[in-house]
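For reference, the structure discussed in these notes is given below.
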Amino acid sequence: MSARRRYLALAVICAAELLVVLDNTVVNVALPSMGLQLRSSISGLQWVVDAYTLTFAGLLLAFGHLGDRYGRRKVMAAGLAGIAVMSIGGAVAADLGQVVAARAAMGVCAAAVFPATLALIINIFSDAKERALAIAAWTAMAGVAIAIGPTAGGFLLEHFSWHSVFWINVPVAGAVLVAALFLVPESKASHVGKYDPLGIALSLVGITVIVWAIIEAPHQGWLSTVTVAAYVIGIASLATFVWWELRTESPVLDMALFRIRRFSLPALAIAIGYFSMFGFLFMITQYFQGVMELSPLQFGIHSLPFAVSIAVGAPLATIIAQRIGTTAVIVFGLAVMSVGMFIAGQVEVETPYLGPVLVSMVLMGLGLAIVQGPATESIMSSVSLDEAGAGSAVNDTTREVGGTLGVAVLGSIVASIYTAKVGPKIDAIPDSIMEPYQKAFARETVVSVIEIVKAPTNPLVAAQKADLVYSMKAASLEGFQLASYVTVGSALLCALAVAVFLPWKKP
């Protein structure tokens, strides 16, 4: 296969990856418009996002195995076609339930696409240096897609309705599908054993239930009966999955891979990296929209330095790791993320954008890129070509679960402090000035500041309103500070584990 054909295939694969990751983020900025038109509660809107995450994370391992078995391009093509069809369903949805159902179905289709992208790269690029650069491009694209989601969504909402975040997928998915069929070579495992439906079912139940528990814990309570029961069911299912996979002749996932430190420790680093990044993006979204009072498009533009940092950092980190080894680069990347998150935690209401805010974004983007590229390359170099799909699925699942946990845990910390600080002030406002539903929204998120500021105000209560708005902004940033310390601690502990247990010599 010629170099030109290989890199054309890489471009198509990265485009497929971009579509999947954008779908995971671009809808966020459309939630306020969607909620207003569909008359949805906050929890209902959260499920527009979480329905995609739930099915996506739960089915990554299953589709990674199916791609190894039946053909990665074939499975990816089916997923792309499904995204186009289900996006039409979301665009024409008449109520919130239909939107959530469409998003869940899109998550299923995305799970078919994502593991195949990395597995195809591993099979197309046989040279170690070329493969490392291709993985770096894949890594950079994933990070950039996450960061530019708000910009893309903001642009669409500036010119069209919320339906546009679904309609845009249809021509893009169709174009990528056609290009994939012509430019991406098929690959699958050369030797496959018996089908393992029990393993697939156990992995699906275990991962899905645990991710559901993480998503719902802030609402149900972290130690509520429902949450604890979900964790017990999820952990029991995964424990049974591990037991079964160690005994069956043809496992959907070779558990021996986790005994390989160059596989398991980089997977942990990626999980912590995405825990930090998704938590950071969750907080910076509220900061830009609630504290700085930016429009969705302005928010997206202000977040672009984060995307640029990832795009620049990922290829450089992978090249450096080829020369000095993976361990040093991952440890350094986790340290950079820690510094970025610590600086973000020091931001106050009066802090200018051109200063700590911008610096923290650049450092977080660079840190994630430095960790993700070499860690992904280490994971995929530890698996055989026959297991490329399964290895890719493990890499993707750790990212998704880490990110979901980051939003849930850090979001819960921020919400707890914010509500405790702001709640009494909001309760003291008469219902004649602020209606009950407005109070409920204001208790949940600092983003409600935008509506409060826009609302007409009696001059007699203008000072009280200004004091409330400032208190809401300050309370949210106080929550951000504690959440940032949790992230810093997690990243540093992971860096210590990698430094101690991951070999420093190049393989």
### Query
Is it the case that the stretch 80-96 has a residue that's more than 26 Å from T151 (Cα to Cα) and part of a helix (DSSP H, G or I)?
no
### Task
Please find, within the stretch 184-233, the residue that is farthest from the chain's Cα centre (by Cα) out of those that are in a helix (DSSP H, G or I), aliphatic (A, V, I, L, M) and closer than 21 Å to S250 by Cβ.
L198
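With respect to L368, determine if the residue is surrounded by fewer than 22 Cβ atoms within 10 Å (Cβ to Cβ) and more than 14 Å from S484 (Cα to Cα).
Values: surrounded by fewer than 22 Cβ atoms within 10 Å (Cβ to Cβ): no; more than 14 Å from S484 (Cα to Cα): yes.
Answer is no for this residue.
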## Note on the structure
By residue number, the members of the stretch 255-281 that are crowded, with 20+ Cβ neighbours inside 10 Å and of a type outside the set (A, V, I, L, M) are F263, P266, G273, Y274, F275, S276, F278, G279, F280
### Message
Tell me whether the stretch 271-284 contains one or more residues that are hydrophobic (A, V, I, L, M, F, W, C) and farther than 24 Å from V29 by Cα.
### Response
yes
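Matching residues to (1) surrounded by fewer than 24 Cβ atoms within 10 Å (Cβ to Cβ); (2) farther than 30 Å from M361 by Cα:
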{"residue": "H65", "(1), (2)": "no, yes"}
{"residue": "G82", "(1), (2)": "yes, yes"}
{"residue": "G90", "(1), (2)": "no, yes"}
{"residue": "A101", "(1), (2)": "yes, yes"}
{"residue": "V108", "(1), (2)": "yes, yes"}
{"residue": "T117", "(1), (2)": "no, no"}
{"residue": "L120", "(1), (2)": "no, yes"}
{"residue": "A142", "(1), (2)": "no, no"}
{"residue": "L157", "(1), (2)": "yes, no"}
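Filtering the stretch 72-95 down to residues that are of a type outside the set (D, E, K, R) and at pLDDT below 90, which residue is farthest from A112 (Cα to Cα)? Before the answer, list the steps.
Just the residues of the stretch 72-95 that are of a type outside the set (D, E, K, R), to begin with: 75-94.
Pick out the ones that are also at pLDDT below 90 and you get 93-94.
On the way: A93: 23, A94: 27 Å.
So the residue we want is A94.
Does the stretch 214-225 contain any residue that is over 22 Å from F275 (Cβ atoms) and outside the structural domain of A311 (by TED's automatic domain parsing)?
Step one: list which residues in the stretch 214-225 are over 22 Å from F275 (Cβ atoms), which gives 224-225.
The next check asks that each one be outside the structural domain of A311 (by TED's automatic domain parsing); those that pass are 224-225.
Within the stretch 214-225 (the criterion being over 22 Å from F275 (Cβ atoms) and outside the structural domain of A311 (by TED's automatic domain parsing)), the answer is yes, since at least one residue qualifies.
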### Query
If we scan the stretch 291-300, do we find a residue that is surrounded by 21 or more Cβ atoms within 10 Å (Cβ to Cβ) and more than 26 Å from M141 (Cβ to Cβ)?
yes
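With the stretch 245-360 as the region, which helices (runs of 4 or more DSSP H) entirely inside it contain at least 1 residues that are under 24 Å from D396 (Cα atoms) and modelled with pLDDT of 80 or more? Show your work before the answer.
On the way: elements: 261-286, 296-302, 304-324, 326-345.
Because the criterion is at least 1 residues that are under 24 Å from D396 (Cα atoms) and modelled with pLDDT of 80 or more, the helices (runs of 4 or more DSSP H) in the stretch 245-360 that meet it are 261-286, 304-324, 326-345.
For A147, are the conditions met, namely being at pLDDT below 85 and not assigned by TED's automatic domain parsing to the domain that holds I301?
Numbers: at pLDDT below 85: yes; not assigned by TED's automatic domain parsing to the domain that holds I301: yes.
Against the criterion (at pLDDT below 85 and not assigned by TED's automatic domain parsing to the domain that holds I301), A147 qualifies.
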### Task
Determine if the stretch 342-351 includes at least one residue that is out of contact with any strand residue (DSSP E or B) (no Cβ under 9 Å at 6 or more places or on another chain), within 21 Å of L410 (Cα to Cα), charged (D, E, K, R) and surrounded by fewer than 18 Cβ atoms within 10 Å (Cβ to Cβ).
yes
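The values are calculated or read from the model by the stated rules, or taken from the named source; none is laboratory data. Quick caveat: nothing in here was measured; it's all calculated off a predicted structure. When we count neighbours, we look across all protein chains shown, and the Cβ atoms used for this are built from the backbone with ideal geometry, even at glycine.
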